[in-house]
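The values are calculated or read from the model by the stated rules, or taken from the named source; none is laboratory data. Not measured: the values here are computed from a predicted model. Heads up, the Cβs are rebuilt from the backbone with ideal geometry, glycines too, and the neighbour counts pull from every protein chain shown. In case anyone asks, the SASA skips ligands and DNA or RNA and just uses the protein heavy atoms, side chains included. Shrake-Rupley method; radii C 1.70, N 1.55, O 1.52, S 1.80 Å.
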Amino acid sequence: MKLTLDTIARCTSGYTKKKRDESVEHYLKRLTHLYLEDRGIDEIGDDLALCRNLTVLYLYDNKLPKVPNLTYNHNITHLYLQNNQICRVENLTPLRKLTKLYLGGNCITVVEGLDKLDALQELHIEHQDLPPGEKILFDPRSLVNLSKTLQVLNVSGNNLDSITDLLCLRDLTQFSASDNHLTDMKELSHLLSAWRYLWRLDLQGNPLCHKSKYRDRLIVMATNLEVLDGKEITETSRQFIKNWQASKDERKRKNELALLHKNTDLGSLGEKDLPPVSIQRHASIPGYIMPGLPRKQFEAVLARSNTLTSSAPPGLRGDKKSVSTQIEEHIWYDSST
């Protein structure tokens with residue numbers, strides 16, 4: 001079905017009914033809200049261009065294959081396009097006053113075309129009909145621009161296994177990423193430390209929800225969190241968990257400090273601090289005795305060797321090898337006898 005002037009005229013609120021003597025053009029010009037949801041619309045012509053003061057446009061639950069051309073509707077602040085057949089984010093550049101954009105339930109694979117929307121505060125792009133095995137992607141230029149104003153983001157049900165790309169969205173107050181494939185608590189901790197204004201978080205249906213102490217750990221990570229997975233965080237429970245975490249950290253700190261002191265004490269021991277090493281000597285052996293000879297016989301051999309050395313010719317006295325050879329011969333002779 002194609003949108004017509006007659007359809008537009010019939011899809012307004014009771015507060016903005018057409019006056020009897022009012023022209024259609026004048027009537028459309030003063031419209032601010034237009035309710036065109038669930039009308040089977042698959043084509044938008046140029047008739048919307050007559051609604052110059054339109055601020056809220058409801059076009060959800062139709063059959064639109066693309067975002068309509070809204071060049072002349074630059075006063076729109078709220079645009080509802082969920083549950084259509086839209087495959088690409090486009091034709092939104094003229095909407096400089098747009099603050100809320102609803103695109104959930106379409107076929108969008110890349111979040112793009114938002115780099116000129118300087119007032120956008122809410123983006124709802126949940127549960128896209130993606131090809132098997134694919135996940136939704138984010139255009140860096142759009143993310144950089146959104147980081148200036150975006151406060152609410154819904155990316156639920158988009159096969160996401162990581163949300164690191166969203167780190168730059170530091171002004172987020174509400175974030176929903178339920179029914180995805182998120183598993184990394186460290187990544188989440190890094191994000192939550194950057195999202196200091198976040199007070200509502202929904203991660204239901206992700207594998208990380210089954211990790212030990214999941215809820216307690218998130219409450220500790222995000223100090224301003226008030227609602228987690230649809231459940232309010234009471235001040236009593238928050239304080240209890242904080243005290244538990246502080247006690248755990250203190251025990252860990254003491255254990256690490258004790259280990260550090262132990263290692264420091266061992267490393268600071270110098271050579272003078274080492275205990276003395278006792279060398280045991282055999283009490284029954286006062287000196288050296290050559291194996292195989294009685295003491296008296298060894299002394300006799302030693303005396304003869306000294307006599308040989310002193311009586312040797314001058315040329316032979318310096319020859320230590322000759323003298324030692326002679327001593328060995330005397331020792332062999334005496335031992336054999």
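Structure summary
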quantity	calculated
Positions within region 1-16 being closer than 16 Å to Arg52 by Cβ, hydroxyl-bearing (Ser, Thr, Tyr) and either more than 51 Å from the chain's Cα centre (by Cα) or part of a helix (DSSP H, G or I) (or both), in sequence order	Thr16
Pair list, Cβ < 8 Å and 6+ apart or interchain, from region 117-146 residues that are more than 20 Å from Gln204 (Cα to Cα) to residues that are open to solvent by less than 90 Å² (accessible area, probe 1.4 Å) and assigned to a helix (DSSP H, G or I)	Leu117/Asn145; Leu117/Leu146; Asp118/Asn145; Leu120/Leu146; Phe138/Leu166; Leu143/Leu166; Leu143/Cys168; Val144/Cys168
Selection within region 134-149 - assigned to a loop (DSSP other than H, G, I, E, B) and open to solvent by 90 Å² or more (accessible area, probe 1.4 Å)	Lys148
Residues of region 79-101 that turn out to be open to solvent by less than 40 Å² (accessible area, probe 1.4 Å) and either closer than 17 Å to Leu146 by Cβ or within 33 Å of the chain's Cα centre (by Cα) (or both), as a count	11
Residues (modelled with pLDDT under 95 and in contact with a Lys or Arg (Cβ under 9 Å, 6 or more places away or on another chain)) located in region 42-65	Asp42, Glu43, Ile44, Gly45, Leu50, Cys51, Arg52, Asn53
Residue satisfying all of: in region 1-26; at pLDDT below 75 and not polar (S, T, N, Q); most open to solvent (accessible area, probe 1.4 Å) among these	Tyr15
Condition met for Asn106 (under 24 Å from the mean Cα position of the chain (by Cα) and at pLDDT 95 or above)	no
Filter result (over 46 Å from the mean Cα position of the chain (by Cα) and of a type in the set (A, V, I, L, M)) within region 17-58	Val24, Leu28, Leu31, Leu50
Positions within region 17-27 being of a type in the set (D, E, K, R) and outside any helix (DSSP H, G or I), in sequence order	Lys17, Lys18, Lys19, Arg20, Asp21, Glu22
Considering residues of region 28-57 that are touching a Leu at 6+ places or on another chain (Cβ under 6 Å) and not in a loop (DSSP other than H, G, I, E, B) only, the residue nearest to Asn106 (Cα to Cα)	Leu57
Residues satisfying the stated conditions in region 114-130, i.e. open to solvent by less than 50 Å² (accessible area, probe 1.4 Å), out of contact with any helix residue (DSSP H, G or I) (no Cβ under 9 Å at 6 or more places or on another chain) and either aliphatic (A, V, I, L, M) or more than 23 Å from Thr71 (Cα to Cα) (or both)	Ala119, Ile125, Glu126, Gln128, Leu130
Qualifying residue in region 102-113 (condition: assigned to a loop (DSSP other than H, G, I, E, B), open to solvent by 60 Å² or more (accessible area, probe 1.4 Å) and free of Cβ contacts under 8 Å to residues at least 60 places away in the same chain)	no
Flag if Ser189 is of a type in the set (Ser, Thr, Tyr), in a loop (DSSP other than H, G, I, E, B) and within 30 Å of Leu117 (Cα to Cα)	no
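Conditions (1) among the aromatic types (Phe, Trp, Tyr); (2) open to solvent by less than 40 Å² (accessible area, probe 1.4 Å); (3) touching a Cys at 6+ places or on another chain (Cβ under 9 Å), marked per residue:
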position	(1), (2), (3)
Asn180	no, yes, no
Lys186	no, no, no
Tyr197	yes, no, no
Arg217	no, no, no
Met221	no, no, no
